[in-house]
Amino acid sequence: MDQWHRAATLMVFVAIATPLAIAQTTPQASFSATSAHVAQPGKPVSITLLRWSTDEERAAVVAALNAPPAPPAAAAPAPAEDAAGAGTAERGGTAAGGRAGRGGRGGRGRGEAAAPATPIAALTAALGKAPTLGYIWTDEVTGYSIKYAHRAPSADGGQRIILATNRVLGAQSPGWKPIGTESPADYEFTVIELRLNAKGRGEGKTSLTAKVAVDEQARSIALENYAAAPVMLEVK
């Protein structure tokens, strides 16, 4: 291939690759807000979404929270040889010491099972494994990776947006401590629900002051009893 053909090939490659690169990095949505009902209100919050969760990604997160907790495992019956050993111990035999030492070697009894995972633990794990879809920036040094992003139109022409990050919003900043209410649960993640009008303005509430549940109609995770939770974000 001569120099002219190489140059032409390179120009075609650049012409194709450049729009693809731009499409992959151009935000799909962005929001600006300020904090409210916290120790230091008025803090700036910037939300940038590179893309929304796919149907498969959304279903995996919903399934994690929707799954019922596993029933506790029943203790296994003692083996016959252990029962015989117990009888020897009652008669004053030396076999009891050997049995006891062998049972303590593993650190967990033979009939003891690991504690079953709760739906919240399953949701925490699912968010930890989910891809990064965007970022939330506050006045803190580091931002928060968005691991879940879903939107649905509302009847008034606005939209309902549900986001989740695998970290606790404002955990390292006293200024983000909610006032006038206590956290209903000790989550290791944060779910944010925005309700915006047709102009993109509205409010946001978080799992810092509300429990997380599955909204079957929206097929999404959401805040339980949204109306009762205090507004924590004022979206401009």
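A few notes on this one:
- Where residue 188 falls short, out of the listed (1) free of Cβ contacts under 8 Å to residues at least 60 places away in the same chain; (2) more than 22 Å from residue 51 (Cα to Cα); (3) not β-branched (Val, Ile, Thr): (1)
- If the condition is being in contact with a Lys or Arg (Cβ under 6 Å, 6 or more places away or on another chain) and aliphatic (A, V, I, L, M), then the stretch 115-174 contributes 127, 130, 133, 152, 161, 164.
- Checked against the criterion of being in contact with a helix residue (DSSP H, G or I) (Cβ under 7 Å, 6 or more places away or on another chain), in contact (Cβ under 8 Å) with a residue 40 or more places away in the chain and surrounded by fewer than 17 Cβ atoms within 10 Å (Cβ to Cβ), the stretch 138-153 contains not a single residue that satisfies it.
Coordinate-derived values only; no laboratory data. What you see is a predicted model, and the numbers here were worked out from it, not measured in a lab. When we count neighbours, we look across all protein chains shown, and the Cβ atoms used for this are built from the backbone with ideal geometry, even at glycine.
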